[in-house]
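The values are calculated or read from the model by the stated rules, or taken from the named source; none is laboratory data. Keep in mind that this is a model prediction, so the values were computed, not measured. We place every Cβ from the backbone using ideal geometry, glycine too, and count neighbours over all the protein chains shown. For accessibility, only protein heavy atoms count, side chains too; no ligands or nucleic acids. Shrake-Rupley method; radii C 1.70, N 1.55, O 1.52, S 1.80 Å.
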Amino acid sequence: MSIKAVYPGTFDPFTNGHLDMVKKASRLFDKVYILIGVNTNKKRSYNTEQMKQAIERSLEEIQIKNCEVVVYNGLTAQFAKDNNIGYMIRGLRNNLDYNYEENIAEVNKLVNPQLEYVYFRAENVAVSSSMVKELNSYGQNVSKYVPPAVMEVIAEK
């Protein structure tokens, strides 16, 4: 039996912090789904399909083969339930992240009671998608915060 995990996020953009979480998860689980959540109420900064392809290229570059990038419009807990995924991966930068994640976990448990959470400590605590977007909007070089393939997507915009 394959042990599967899902790592959800908007990944707008996908950062080196996200990549660190994927590296950790890929060592523990047989299969990791990187789930790009689509929220129709939020306007994305970067095209979903381009970001998906950039994440896939980033994984190829570092030879991670047990991950699949999926774009999904729905509840993460339902995706996990429908695909027999037992674990959700989340990264924690600080206690505020923990409190936020625990609230979301309670809601997800209502949809999928079997879903277990695995928290990884973030190595790059200052790096976030919001920070990358903010710095980039002021013309700052953000290439050290995102994988090269993602930087290509950012540079195109």
**Cα-based Rg and Dmax for the chain, where Dmax is the largest Cα-Cα distance (Å)** = 15.1, 49
**Cβ-derived FRET efficiency at R0 22 Å, GLN114 paired with ASN73, nearest 0.05** = 0.45
**Request:** Please work out, to two decimal places, the log10 of the ratio I(q)/I(0) at q = 0.14, 0.16, 0.23, 0.27 Å⁻¹ from a Debye calculation in which every Cα of segment 1-68 carries one identical scatterer.
**Result:** -0.41, -0.53, -1.00, -1.28
**Request:** Please give every one of the lysines within straight-line cross-link reach of LYS133, meaning a C-alpha to C-alpha distance under 16 Å, and leave out same-chain neighbours fewer than 8 residues apart.
**Result:** LYS42, LYS43, LYS144, LYS157
**Message:** I'd like the FRET efficiency for GLU123 and LYS65, computed as 1/(1 + (r/R0)^6) with the beta carbon distance as r and R0 of 22 Å, rounded to 0.05.
**Reply:** 0.50
**Message:** Cross-link candidates for LYS24: which lysines have Cα within less than 19 Å, leaving aside residues fewer than 8 places away along the same chain?
**Reply:** LYS4, LYS65
**Asked** Based on Cα positions only, what radius of gyration and what Dmax would you give for segment 84-157, in angstroms?
**Response** 15.9, 45
**Asked** Carbon and sulfur atoms: what percent of the 1.4 Å accessible area of the chain do they account for?
**Response** 48 percent
**Complete:** Summing -39500 (n - 2.57) over every DSSP H run of at least 4 in the chain, dividing by its residue total and rounding to the nearest 500, the 222 nm mean residue ellipticity is -13500 deg cm²/dmol
**Per residue value of the accessible surface for the chain (all protein chains in place, 1.4 Å probe), Å²** = 56 Å²
**Complete:** Of the residues GLN53, ILE34, VAL153, the Cα lying farthest along the dipole of segment 13-157 towards its positive end, which is defined by charges on the beta carbon of Lys, Arg, Asp and Glu, belongs to VAL153
